[in-house]
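> Mind having a look at this structure? Questions to follow.
The values are calculated or read from the model by the stated rules, or taken from the named source; none is laboratory data. Since the structure is predicted, the reported quantities are computational estimates derived from the model, not experimental observations. Note that each Cβ is placed from the backbone with ideal geometry, even for glycine, and that neighbours are counted across all protein chains shown.
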Amino acid sequence: MLVDSNKRSIPAVDTLLKAVGESELPRPLLVATIRQELNQIRTADEIPDRDSVIDLVKQAIQRTIRSRIQPVINATGIIVHTNLGRAPLGSEVVSALGALAGQYNNLEYDLTTGERGGRANYVEAGLATLCQSEAATIVNNCAAALVLILRELTSEKREVIVSRGELIQIGGGFRIPDILETSGATLREVGTTNRTNLADYETAIGPNTGLILKVHRSNFFMDGFVESPLRDELSKLARESGVPLVEDLGSGALTDTEKAAGLTREPTPAEAIRAGVDLVCFSGDKLMGGPQAGIIAGNAAHVGRMKRNPFFRALRCDRLVLGAMQAVVDHLLADKPTPVSDMMSASVDELRKRAETIRQALADVSARIEIGEGKAQVGGGTLPRDTIPSVTLDIHATNRSATRLAADLRRSAPPVISYPSQKILKLDLRTVFPEQDETLTKCLSEVLRNQE
Ligand SMILES: *Cc1c(COP(=O)(O)O)cnc(C)c1O
């Protein structure tokens, strides 16, 4: 039979292992990758010849190697890039993490009494101070924080009042109505897409209202004939009705983004709490510049309820995240910048100087390199309206398309992530750490030379 003879023509795994030679993949994973690729090849109508099979297997091995999480140079100009791990941590945070990781620590041990202690007391106290709230706690991410809050506050009264203008979808399929549903809550929509007023909320409040949820429109913005009640009006109504008011802030800007970087003002946890919101939640790895986490802050009674909810145990952070967050909190309390805030505020002149140095170092490659303008973004679904003027290296490749060149740069060590703009390949320096300039130059030089 034709199929059988085809099957016989596929080289054995052992033969292929010899043919591909040494690999940086652990052997069992190398074998698994080869097997998987062979299975794939077997499903093809026609089995390729031996050399092509070896080629395909080698490509599969490369794909597996590239899928390892590894450092990359972010030249996209998107500062909080969700695909690139969101907020990079500063060197102080990294060394604090390094010092903790390989040691025992007092994660749940009270060094004063010698007894079992709370799990994240210090971080919680620091976060509460940053948020100017009575209390705070931390879970795996902001989505988890929201689920926990909803589960706890709708355990008896199921209804959650949300404005139709805030039923948003955040990246990765996170939709507010779905989150409500999986948390066992019932959505009570009020207002319209563009306008929701205080009376809309007022009429919706009833015996089954568990909470009022306000969701920050972090990744889009509305202009024109729009209305939503002021936070203090809404909190007054909530208080008078005995209904908790919760705000999902998403981005987690702890400082004034307008003053710090000339961007649109993001609401801070402190101002929401000051306005009378009972609980806020936000991401740790967006504008806060920390590890992936979800922060819950607000009044002590509500935060206490969250921590006593059995679900809290399933959402708690591990020691590495707590260690990193603790260092970030110390850093922010000392008013020191994070890599994210540094990138947001770096001056165009500074970036242009760096671009010039890199360009000069590449003077002998044949590709034309110009210094261009870029529009950097905060990213991570925050501040959608704002672009930050930036500086790019614009590469006009002579014998490769810009997309091809982008692919070649992704293959360099470390991989460089750039973006094509028509026929030019752009590398935005705002998201490249100054200490990476030399490595970036080396990668560019190698890739561009290879084409000559
Ligand atoms: C980003 C975002 C979330 C999700 O945060 P994660 O930490 O990624 O889970 C939730 N709500 C809003 C408004 C957001 O912007």
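> Can you find, within segment 299-340, the residue that is nearest to the chain's Cα centre (by Cα) among those that are over 20 Å from Leu107 (Cβ atoms) and within 16 Å of the ligand (Cβ to nearest atom)?
Checking each candidate, the answer is Val340.
> Checking the structure you have, find out if any residue of segment 375-396 is more than 16 Å from the ligand (Cβ to nearest atom), without any contact (Cβ under 8 Å) to a residue 24 or more places away in the chain and among the aliphatic types (A, V, I, L, M).
No, because not a single residue in segment 375-396 is more than 16 Å from the ligand (Cβ to nearest atom), without any contact (Cβ under 8 Å) to a residue 24 or more places away in the chain and among the aliphatic types (A, V, I, L, M).
> Just give me the residues in segment 200-215 being in contact (Cβ under 8 Å) with a residue 40 or more places away in the chain, over 26 Å from Ala253 (Cβ atoms) and out of contact with any Ser or Thr (no Cβ under 6 Å at 6 or more places or on another chain), in sequence order.
Of all residues in segment 200-215, those in contact (Cβ under 8 Å) with a residue 40 or more places away in the chain come to 201, 204-215.
Subset that is over 26 Å from Ala253 (Cβ atoms): 204-210.
Answer for segment 200-215, where residues must be in contact (Cβ under 8 Å) with a residue 40 or more places away in the chain, over 26 Å from Ala253 (Cβ atoms) and out of contact with any Ser or Thr (no Cβ under 6 Å at 6 or more places or on another chain): Ala204, Gly206, Pro207, Asn208, Thr209.
> Write out, first by first residue and then by second, each pair whose Cβ atoms fall under 6 Å of each other, whose residues are 6+ apart or on separate chains, and whose first residue, in segment 246-272, is touching a residue at least 40 places away in the same chain (Cβ under 8 Å) and of a type outside the set (S, T, N, Q) while the second is surrounded by fewer than 17 Cβ atoms within 10 Å (Cβ to Cβ) and assigned to a loop (DSSP other than H, G, I, E, B).
Ala270/Gln132
> Identify the residue in segment 99-125 that is touching a residue at least 12 places away in the same chain (Cβ under 8 Å) and surrounded by fewer than 22 Cβ atoms within 10 Å (Cβ to Cβ) and, among all such residues, is farthest from the ligand (Cβ to nearest atom).
Filtering first and then ranking leaves Asn105.
> For Ser218, state whether it is in contact with a Ser or Thr (Cβ under 6 Å, 6 or more places away or on another chain), in the same structural domain as Ser251 (by TED's automatic domain parsing) and not in a strand (DSSP E or B).
Values: in contact with a Ser or Thr (Cβ under 6 Å, 6 or more places away or on another chain): yes; in the same structural domain as Ser251 (by TED's automatic domain parsing): yes; not in a strand (DSSP E or B): yes.
Taking the combined requirement at face value, the residue satisfies it.
> Can you name the residue in segment 14-45 that is among the small types (Gly, Ala, Ser) and either modelled with pLDDT under 90 or assigned to a helix (DSSP H, G or I) (or both) and is also surrounded by the most Cβ atoms within 10 Å (Cβ to Cβ) among such residues?
Ala19
> Can you tell me which residue among Glu266, Glu258, Glu271 is over 25 Å from Gly118 (Cβ atoms), more than 14 Å from the ligand (Cβ to nearest atom), surrounded by 14 or more Cβ atoms within 10 Å (Cβ to Cβ) and assigned by TED's automatic domain parsing to the domain that holds Leu245?
Just a single option satisfies the conditions, and that option is Glu271.
> Being within 16 Å of Asn141 (Cα to Cα) and more than 9 Å from the ligand (Cβ to nearest atom) is the filter; apply it to segment 170-179 and report the residue that is surrounded by the most Cβ atoms within 10 Å (Cβ to Cβ).
Only one residue fits best here, namely Arg175.
> Inside segment 299-328, can you point out the residues that are in contact with a strand residue (DSSP E or B) (Cβ under 9 Å, 6 or more places away or on another chain), assigned to a helix (DSSP H, G or I) and crowded, with 16+ Cβ neighbours inside 10 Å?
Residues satisfying the conditions are His302, Val303, Met306, Lys307, Phe312, Leu315, Val321, Leu322, Met325.
> Separate question: How many residues are outside any helix (DSSP H, G or I), modelled with pLDDT under 90, of a type in the set (Ser, Thr, Tyr) and within 21 Å of Ala144 (Cα to Cα) when one looks only at segment 159-208?
1
> Out of the residues in segment 134-160 meeting the condition of being of a type in the set (Val, Ile, Thr) and more than 15 Å from Arg188 (Cβ to Cβ), tell me which one is farthest from the ligand (Cβ to nearest atom).
Out of the qualifying residues, it is Thr137.
> Take the conditions charged (D, E, K, R), in contact with a Pro (Cβ under 9 Å, 6 or more places away or on another chain) and crowded, with 21+ Cβ neighbours inside 10 Å and apply them to Glu247. Does it pass?
The answer is yes for Glu247.
Let's see how each residue does on (1) surrounded by fewer than 21 Cβ atoms within 10 Å (Cβ to Cβ); (2) within 26 Å of Leu383 (Cβ to Cβ); (3) in contact with a Gly (Cβ under 9 Å, 6 or more places away or on another chain):
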site	(1), (2), (3)
Gln132	yes, yes, no
Arg151	yes, no, yes
Arg164	yes, yes, yes
Leu187	yes, no, no
Arg195	yes, yes, yes
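> Which strands (runs of 3 or more DSSP E) does segment 332-421 wholly contain that include 1 or more residues that are at pLDDT 95 or above and closer than 13 Å to Leu440 by Cα?
388-396
> Also, I was wondering about something else. Tell me which of these Leu211 doesn't satisfy, since it passes every other one: (1) within 15 Å of Ala145 (Cβ to Cβ); (2) surrounded by 14 or more Cβ atoms within 10 Å (Cβ to Cβ); (3) within 15 Å of the ligand (Cβ to nearest atom).
Here Leu211 clears every test but (3).
> Check whether at least one residue in segment 274-285 is more than 13 Å from Ile138 (Cα to Cα), within 15 Å of the ligand (Cβ to nearest atom) and not polar (S, T, N, Q), and report yes or no.
Looking through segment 274-285, at least one residue is more than 13 Å from Ile138 (Cα to Cα), within 15 Å of the ligand (Cβ to nearest atom) and not polar (S, T, N, Q).
> If I filter segment 187-199 for residues that are in contact (Cβ under 8 Å) with a residue 40 or more places away in the chain and either aliphatic (A, V, I, L, M) or at positive phi (or both), do I get at least one hit? Give the steps one after another, and end with the answer.
Keep residues of segment 187-199 that are in contact (Cβ under 8 Å) with a residue 40 or more places away in the chain, which gives none.
No, segment 187-199 has no match at all.
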